[in-house]
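K.L.:
This is the structure I want to talk about, given as structure tokens.
The values are calculated or read from the model by the stated rules, or taken from the named source; none is laboratory data. All figures in this text were calculated on a predicted structure; none of them were measured in a lab. We place every Cβ from the backbone using ideal geometry, glycine too, and count neighbours over all the protein chains shown.
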Amino acid sequence: MNKQQVKERIEKLRQEINHHRYLYHVLDKQEISDAALDSLKHELDELERKFPELITPDSPTQRVGGKPLDEFKKVQHKLPMLSLTDAFLFKEIQEWETRNKKLLPLETKLDYYAELKIDGLAVALIYKKGILWKGATRGDGKIGEDVTENLKTIEAIPLRVNLENFSQSIQKKVAEELEVRGEIFMKKADFDQLNEIQEKNKQPKFANPRNAAAGSIRQLDPKITASRKLSFMAYSLVTDLGQKTHQESHELLEALGFRAGTNLNQYCPDLQAVEKYHSEVNKKRNSLPFWIDGIVININDQQTFGRLGVVGKAPRGAIAYKYPAEQATTVVEDIQVQVGRTGALTPVAHLKPVRVAGSTVARATLHNEDEIKRLDVRIGDTVIIQKAGDIIPDVVKVLSKLRTGKEKKFKMPVTCPICGSKVIRRTGEVAYYCSNKNCFAIQKEKIYHFVSKKAFDIEGLGPKIIDQLLENNLIKDVSDIFSFTASDLEPLERFAEKSAANIIEAVEKAKKITLARFIYALGIRHVGEETAIDLANHFRTISRLQKASFDDLNKIYEIGEVVARSISDFFRDNRNLQLIARLLNQGIKIKEPEVRKKTAASGKAFVVTGTLPSLSREEAKTKIREAGGKAASSVSPSTDFVIAGDNPGSKYEKAKKLGVKIISEKELLNLLK
């Protein structure tokens with residue numbers, strides 16, 4: 001982008017961020033997720049860093065919060081309540097340290113105090129003569145809202161501070177005035193209970209705990225606030241009581257009677273210790289009773305912290321090291337069509353690369369033309385994308401207010417982008433298909449699928465190698481994979497004698513395969529991994545499955561009419577039967593499923609989420625199936641168990657909402673015995 005384009009982008013971002021900040025901070029409403037808003041702010045911050053001459057005093061990066069509500073009295077903060085700069089990568093933390101070191105004397109040694117970043121609402125508490133005198137929200141950082149009576153209803157906030165173990169000089173200081181800052185938040189269990197009450201009373205549910213905390217603390221009737229079961233965690237001792245470090249501040253806060261997280265926070269002598277703490281907290285954060293979205297890193301020495309001062313809205317001496325969000329914002333640079341193994345045309349958004357859920361994303365599926373129309377997504381749009389685990393990202397919302405007028409609407413092609421054949425739309429379906437069954441793209445995708453991990457799992461035979469084999473006419477369909485030799489491969493680019501031999505060895509090893517994997521590898525439309533297992537267990541041989549009628553298939557539990565028709569059509573097609581015959585003639589040995597003994601898992605539906613201590617997700621699913629259970633990919637009312645590891649995400653929350661039993665890996669293994 002040239003400077004003029006950057007200027008226009010900055011103006012659009014500021015307007016959009018201000019709109020959502022006003023909704024959230026003033027009206028307690030929310031249109032987009034916190035993660036998406038953070039992503040917009042992060043982009044704006046980066047652009048302003050590259051073009052500092054474009055920074056203006058009214059930019060969202062130069063202020064903290066929103067306008068106070070008129071219903072509350074205004075309170076001026078003696079010291080501004082600042083916000084924090086966000087970082088998502090360790091590299092950004094290292095860059096933050098480097099910037100700080102440049103501003104400090106060479107001999108300065110930096111150490112850190114890291115604490116949990118609770119997802120709540122920041123408040124300032126003022127005590128006079130040791131008794132709570134006034135409490136205020138952050139507001140715009142300089143002027144907040146007087147919510148004292150509401151704060152008094154929160155039991156985690158002491159009405160009188162504890163001074164028994166302090167010296168006379170400290171008691172005198174506290175008697176004059178004591179200021180403590182911290183986070184108002186709602187525990188997970190209380191948040192769930194509140195939303196149940198909202199639902200029962202036919203009132204809108206709260207989007208997240210921070211929204212619930214903000215809405216609760218801004219109630220005009222303190223009785224309503226008291227009913228919301230809010231909590232408080234102190235993070236800053238503003239008054240000078242002789243503390244030399246940030247760690248000492250937390251220890252003093254706890255001695256005064258505040259919860260300050262000293263059992264959860266950690267002193268870190270260097271950034272390596274910070275990174276380790278960040279990783280350890282990430283593993284256990286889902287087991288915490290409250291939500292966190294990262295950690296806060298503070299330069300521990302108070303004098304050094306003060307010397308560094310403030311830049312824009314944030315102190316230089318502290319930074320928020322956030323966990324990867326499942327949502328982010330980016331720009332759709334193009335929309336291209338991809339042809340799958342069934343011939344279906346899938347529009348794919350090519351994105352300006354952005355980090356989401358821990359990885360860099362450059363593409364997102366748009367599913368079909370109807371979805372594009374529903375979202376009204378155009379080339380050039382700024383969009384919110386969502387990614388959960390290893391699933392391909394989705395575009396979930398278009399931020400239409402950021403449009404410049406140069407965006408282009410997408411039209412589905414009338415001919416296949418690969419072979420030029422006519423594109424058709426089948427009755428009752430949303431997808432478009434290439435009408436040419438021999439389309440090169442379809443054949444290529446079928447081969448990719450055939451050798452994939454859940455099918456024949458041929459190690460080393462990835463898309464690039466398959467493309468080479470196709471381009472050199474060594475294979476035309478999947479049966480040819482078992483006929484080429486090492487000498488066929490050696491002349492190809494990137495192949496040597498050893499690598500060619502390894503491929504041939506992997507192909508030979510793959511000739512022994514279970515019936516379920518073989519069925520899945522055939523790429524029958526609507527037949528996924530679980531359906532392939534159901535078919536294998538029911539028919540036990542490929543011969544019996546080939547002879548099955550539509551009625552035979554339709555009677556199988558969990559196989560509906562559409563899937564039964566697709567399977568029946570596949571095995572009525574002579575070309576498919578000839579392919580299976582060629583595969584068997586190439587020496588493929590299909591192993592029948594073992595007769596299963598009944599276990600506690602038999603017939604039960606399981607969903608695996610998060611990182612398990614000793615099993616990979618695929619290993620866990622295999623064990624479940626071997627014990628007669630079903631390994632599903634999504635949580636529904638028919639799910640019997642959810643096995644939760646570290647960082648389980650949305651499936652864990654949905655299971656709790658639906659009342660599905662959540663178990664550990666250890667409990668799963670006991671069930672499978």
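K.L.:
Across the stretch 205-229, which residue is farthest from Glu149 (Cα to Cα) among those that are among the aliphatic types (A, V, I, L, M) and touching a Phe, Trp or Tyr at 6+ places or on another chain (Cβ under 7 Å)?
P.N.:
Ala212
K.L.:
How many residues does the stretch 494-538 contain that are in a helix (DSSP H, G or I), hydrophobic (A, V, I, L, M, F, W, C) and free of Cβ contacts under 8 Å to residues at least 60 places away in the same chain?
P.N.:
So the answer is 10.
K.L.:
Examine the stretch 387-402 for a residue that is among the polar types (S, T, N, Q) and crowded, with 16+ Cβ neighbours inside 10 Å, and state whether such a residue exists.
P.N.:
The answer is no, given that none of the residues of the stretch 387-402 is among the polar types (S, T, N, Q) and crowded, with 16+ Cβ neighbours inside 10 Å.
Results for (1) modelled with pLDDT under 90; (2) within 19 Å of Leu82 (Cα to Cα); (3) part of a helix (DSSP H, G or I), shown as yes or no for each residue.
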residue: Tyr267; (1), (2), (3): no, no, no
residue: Ala273; (1), (2), (3): no, no, yes
residue: Tyr277; (1), (2), (3): no, no, yes
residue: Glu280; (1), (2), (3): no, no, yes
residue: Asn286; (1), (2), (3): yes, no, yes
residue: Ile297; (1), (2), (3): no, yes, no
residue: Thr304; (1), (2), (3): no, yes, yes
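K.L.:
Then there is this: Please determine whether any residue of the stretch 143-165 is closer than 27 Å to Tyr323 by Cα and either touching an Asp or Glu at 6+ places or on another chain (Cβ under 9 Å) or of a type in the set (Val, Ile, Thr) (or both).
P.N.:
So far as the stretch 143-165 goes, no, none of its residues is closer than 27 Å to Tyr323 by Cα and either touching an Asp or Glu at 6+ places or on another chain (Cβ under 9 Å) or of a type in the set (Val, Ile, Thr) (or both).
K.L.:
Here is a further query. Tell me which of these Ser616 doesn't satisfy, since it passes every other one: (1) closer than 30 Å to Ser287 by Cα; (2) of a type outside the set (Val, Ile, Thr); (3) in contact with an Asp or Glu (Cβ under 9 Å, 6 or more places away or on another chain).
P.N.:
(3)
K.L.:
Please go through the stretch 125-152 and pick out each residue that is buried (at least 23 other Cβ atoms within 10 Å of the Cβ), out of contact with any helix residue (DSSP H, G or I) (no Cβ under 6 Å at 6 or more places or on another chain) and either of a type in the set (Gly, Ala, Ser) or within 25 Å of Ala175 (Cβ to Cβ) (or both).
P.N.:
Of everything in the stretch 125-152, those that are buried (at least 23 other Cβ atoms within 10 Å of the Cβ), out of contact with any helix residue (DSSP H, G or I) (no Cβ under 6 Å at 6 or more places or on another chain) and either of a type in the set (Gly, Ala, Ser) or within 25 Å of Ala175 (Cβ to Cβ) (or both) turn out to be Leu125, Tyr127, Ala136, Gly139, Gly144, Leu151.
K.L.:
Could I ask something else about it? Which condition does Ile184 not pass, out of (1) over 26 Å from the mean Cα position of the chain (by Cα); (2) of a type outside the set (D, E, K, R); (3) not in a helix (DSSP H, G or I), if it passes all the others?
P.N.:
Against the list (1) over 26 Å from the mean Cα position of the chain (by Cα); (2) of a type outside the set (D, E, K, R); (3) not in a helix (DSSP H, G or I), Ile184 comes up short only on (1).
K.L.:
Only one of these conditions is not met by Lys29: (1) in contact with a helix residue (DSSP H, G or I) (Cβ under 7 Å, 6 or more places away or on another chain); (2) over 24 Å from Lys397 (Cβ atoms). Which number is it?
P.N.:
(2)
K.L.:
Which members of the stretch 218-242 meet the condition of being of a type in the set (D, E, K, R) and over 32 Å from the mean Cα position of the chain (by Cα)?
P.N.:
Asp221, Lys223, Asp240
K.L.:
For the stretch 172-189, what are the residues that are over 24 Å from Glu71 (Cα atoms) and either aromatic (Phe, Trp, Tyr) or free of Cβ contacts under 8 Å to residues at least 40 places away in the same chain (or both)?
P.N.:
Passing the criteria: only Lys172.
K.L.:
I'd like to check something: does the stretch 552-559 contain any residue that is more than 38 Å from the chain's Cα centre (by Cα), assigned to a strand (DSSP E or B) and either surrounded by fewer than 15 Cβ atoms within 10 Å (Cβ to Cβ) or free of Cβ contacts under 8 Å to residues at least 40 places away in the same chain (or both)?
P.N.:
Scanning the stretch 552-559, I find no residue that is more than 38 Å from the chain's Cα centre (by Cα), assigned to a strand (DSSP E or B) and either surrounded by fewer than 15 Cβ atoms within 10 Å (Cβ to Cβ) or free of Cβ contacts under 8 Å to residues at least 40 places away in the same chain (or both), so the answer is no.
K.L.:
Would it be correct to say that Lys476 is of a type in the set (Lys, Arg), over 25 Å from Lys591 (Cβ atoms) and in contact (Cβ under 8 Å) with a residue 24 or more places away in the chain?
P.N.:
Yes; evaluated as a whole, the condition is true for this residue.
K.L.:
Counting just the residues of the stretch 589-639 that are in contact with a strand residue (DSSP E or B) (Cβ under 9 Å, 6 or more places away or on another chain) and hydroxyl-bearing (Ser, Thr, Tyr), which one comes out modelled with the lowest pLDDT?
P.N.:
So, considering only residues that are in contact with a strand residue (DSSP E or B) (Cβ under 9 Å, 6 or more places away or on another chain) and hydroxyl-bearing (Ser, Thr, Tyr), the one modelled with the lowest pLDDT is Ser633.
K.L.:
Next up: Going through the stretch 469-493 one residue at a time, which ones are more than 17 Å from Ile458 (Cβ to Cβ) and either part of a helix (DSSP H, G or I) or of a type in the set (Phe, Trp, Tyr) (or both)?
P.N.:
Residues satisfying the conditions are Glu471, Ser487.
K.L.:
Return the total of residues in the stretch 446-468 being surrounded by 19 or more Cβ atoms within 10 Å (Cβ to Cβ) and in a loop (DSSP other than H, G, I, E, B).
P.N.:
4
K.L.:
Using the structure shown, decide if Leu345 is part of a helix (DSSP H, G or I), of a type in the set (A, V, I, L, M) and crowded, with 17+ Cβ neighbours inside 10 Å.
P.N.:
no
K.L.:
Same structure, new question: Of Ala156, Ala175, Ala212, which residue is surrounded by fewer than 19 Cβ atoms within 10 Å (Cβ to Cβ), aliphatic (A, V, I, L, M), touching a strand residue (DSSP E or B) at 6+ places or on another chain (Cβ under 6 Å) and not in a strand (DSSP E or B)?
P.N.:
Ala156
K.L.:
Give the stretch 389-434 a look and list any residue that's assigned to a loop (DSSP other than H, G, I, E, B) and in contact with a Gly (Cβ under 8 Å, 6 or more places away or on another chain), or say none.
P.N.:
Gly389, Arg403, Thr404, Lys406, Glu407, listed by residue number.
K.L.:
Take the stretch 580-599 and flag every residue that is surrounded by fewer than 16 Cβ atoms within 10 Å (Cβ to Cβ) and of a type in the set (A, V, I, L, M).
P.N.:
Hits for the stretch 580-599 are Ala581, Leu584, Val595.
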